[in-house]
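Report on the following structure.
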Amino acid sequence: MKILVTGAAGFIGYHTSKKLIQNGHEVVGLDNINDYYDINLKYGRLNDLGIERKQAKKFNFITVSKIFPNPFKFIRMDLLHSNALKDLFINEKFDVVCHLAAQAGVRYSLENPEAYVDSNIVGFLNILECCRHNKIKHLVYASSSSVYGLNKKIPFEVSDNVDQPISLYAATKKSNELMAHTYSHLYGFSTTGLRFFTVYGPWGRPDMAMFLFTEAIIKGNPIMVFNNGNMERDFTYIDDIVEGVVKVIETPLKIRSIKKDTYKIYNIGNNKSVKLMDFIKAIEKSLGIKAKKEMQPMQSGDVVKTWANVDELIKDYKYSPGTPIKKGVDSFIDWYKKYYKFK
Ligand SMILES: NC(=O)c1ccc[n+]([C@@H]2O[C@H](COP(=O)([O-])OP(=O)(O)OC[C@H]3O[C@@H](n4cnc5c(N)ncnc54)[C@H](O)[C@@H]3O)[C@@H](O)[C@H]2O)c1
């Protein structure tokens, strides 16, 4: 299959591209390499895929991987450059689009709402339009557990009401689902939205808890523990997420439980909730350092507990998440120490 992966220099996009390449697909990675967080990490991920920084820097220029010469190419492109995007689709003729590029993060959406509307709404529309005009068979895109807002019903099910998002980030993700539904209905191509639940692991995002806690503990700085630690998350290890995303891409669409449906949403998580304090304990244990904790009140836009019901993904795709928190945390810490040369 020929697959476009957007957000390929990002955390999930990098891992997904790598797995798809290893599975023998021809992959084109796209990313604008924005500076929402340390760009060195983005170039580092690309370098691991055989794309040199000097080449990756150039806008709208296709670079072929030095490690995976045939199947992997990278292009630095902004989703907002609709003409360049159209040309890419016409020239490359993709079978499937895996759309992971977005302005991520709940807290940053309080400071810079425009970035969310630009990348997540206008950018998503540009992807939909390209899929529509280039006969893309399947668009797989990232939604988020944040669409559940203050949902009290545990675990979260796709059939739960998600009409009350509590951050602009969540509102853009819910909008993506609505826009995908409209395009599937109007133009008949299949769309699958995956609601990711707190993903962590090697090459993870520096704005997320796993990374922030590890960095602070190593430097001897206090960690900010929101809602006095009274939070729970369905922490999902990156390999489990990638396994699910790749299964959704590779499996013929006809296996879906609702055979005729071209539009579908799934939760993709670990299927259990872990207490934030237990997560912190796992990091402390792996590092062998006790954290200095600074208890903070709840932040606006944040939710107390998330927990994914993933039964449908198990039924339709034999999804089987299983990485225990200790193993996942240890792999992150191993990577972190190697990457930042910390003994
Ligand atoms: N990591 C999680 O826990 C999590 C949870 C829920 C949903 N998600 C969603 O999964 C997807 C991937 O998340 P991630 O954690 O890998 O984030 P990430 O920030 O590491 O990756 C996103 C990538 O998209 C790129 N990008 C952003 N705007 C762009 C634009 N306009 N044009 C081109 N590229 C652009 C960024 O440069 C970045 O490299 C996102 O859609 C995110 O909202 C992630």
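The values are calculated or read from the model by the stated rules, or taken from the named source; none is laboratory data. As the structure is a prediction and not an experimental result, all values here were calculated from the model. Here Cβ is always computed from backbone atoms with ideal geometry, including for glycine, and neighbour counts include all displayed protein chains.
For first residues located in the range 1-13 and closer than 18 Å to Leu128 by Cβ and more than 8 Å from the ligand (Cβ to nearest atom), partners that are part of a strand (DSSP E or B) and among the β-branched types (Val, Ile, Thr) and lie 6+ apart or on another chain with Cβ distances below 7 Å form the pairs Ile3/Val27; Ile3/Val96; Leu4/Val28; Leu4/Val97; Val5/Val27. Would you pick out the residues in the range 167-178 that are within 14 Å of the ligand (Cβ to nearest atom) and assigned to a helix (DSSP H, G or I)? If the condition is that a residue be within 14 Å of the ligand (Cβ to nearest atom) and assigned to a helix (DSSP H, G or I), then Leu168, Tyr169, Ala170, Ala171, Thr172, Lys173, Lys174, Ser175, Asn176, Glu177 are the ones that fit. Can you tell me which residue in the range 127-170 is surrounded by the most Cβ atoms within 10 Å (Cβ to Cβ), limited to those that are aliphatic (A, V, I, L, M) and more than 29 Å from Glu250 (Cα to Cα)? That would be Leu168.
Within the range 42-100, the set of residues being more than 15 Å from the ligand (Cβ to nearest atom) and assigned to a loop (DSSP other than H, G, I, E, B) comprises Gly50, Glu52, Ser65, Lys66, Ile67, Phe68, Pro69, Asn70, Pro71, Lys93, Phe94, Asp95.
Taken over the range 122-163, residues that are away from the ligand (no atom under 11 Å from the Cβ) and touching a Lys or Arg at 6+ places or on another chain (Cβ under 7 Å) amount to 4.
Scanning the range 20-41 for residues that are surrounded by fewer than 17 Cβ atoms within 10 Å (Cβ to Cβ) and more than 7 Å from the ligand (Cβ to nearest atom) yields Gln22, Asn23, Gly24, Asp35, Asp38, Ile39, Asn40. One residue stands out among those in the range 164-205 that are within 15 Å of the chain's Cα centre (by Cα) and among the polar types (S, T, N, Q): the one that is farthest from Tyr148 (Cα to Cα), which is Thr192.
If we scan the range 100-115, do we find a residue that is farther than 27 Å from Gly301 by Cα and crowded, with 23+ Cβ neighbours inside 10 Å? Taking every residue of the range 100-115 in turn, none turns out to be farther than 27 Å from Gly301 by Cα and crowded, with 23+ Cβ neighbours inside 10 Å. You will find that of Pro252, Pro206, the residue that is closer than 20 Å to Lys338 by Cα and either within 16 Å of the ligand (Cβ to nearest atom) or modelled with pLDDT under 95 (or both) is Pro206 and no other. Filter the range 67-83 down to residues that are crowded, with 16+ Cβ neighbours inside 10 Å and in contact with a Gly (Cβ under 9 Å, 6 or more places away or on another chain) and give me whichever is nearest to Asn23 (Cα to Cα). Across the range 67-83, the extreme among qualifying residues is Pro71. Residues of the range 192-236 that are buried (at least 17 other Cβ atoms within 10 Å of the Cβ), part of a loop (DSSP other than H, G, I, E, B) and among the polar types (S, T, N, Q): Thr198 alone. Hey, does the range 255-269 have a residue that's more than 23 Å from Gly149 (Cα to Cα), in contact (Cβ under 8 Å) with a residue 40 or more places away in the chain, within 13 Å of the ligand (Cβ to nearest atom) and assigned to a loop (DSSP other than H, G, I, E, B)? No. Quick check: anything in the range 282-290 under 17 Å from Phe235 (Cα atoms) and either modelled with pLDDT under 95 or of a type in the set (S, T, N, Q) (or both)? Yes, there is a match, as at least one residue in the range 282-290 is under 17 Å from Phe235 (Cα atoms) and either modelled with pLDDT under 95 or of a type in the set (S, T, N, Q) (or both). Quick one: is Ser119 among the hydroxyl-bearing types (Ser, Thr, Tyr), out of contact with any His (no Cβ under 8 Å at 6 or more places or on another chain) and near the ligand (Cβ under 10 Å from one of its atoms)? So Ser119 fits the description; yes. Among residues of the range 62-81 that are without any contact (Cβ under 8 Å) to a residue 12 or more places away in the chain, those with a Cβ under 6 angstrom from a residue that is part of a strand (DSSP E or B), sequence gap 6+ or separate chain, pair up as Val64/Lys73.
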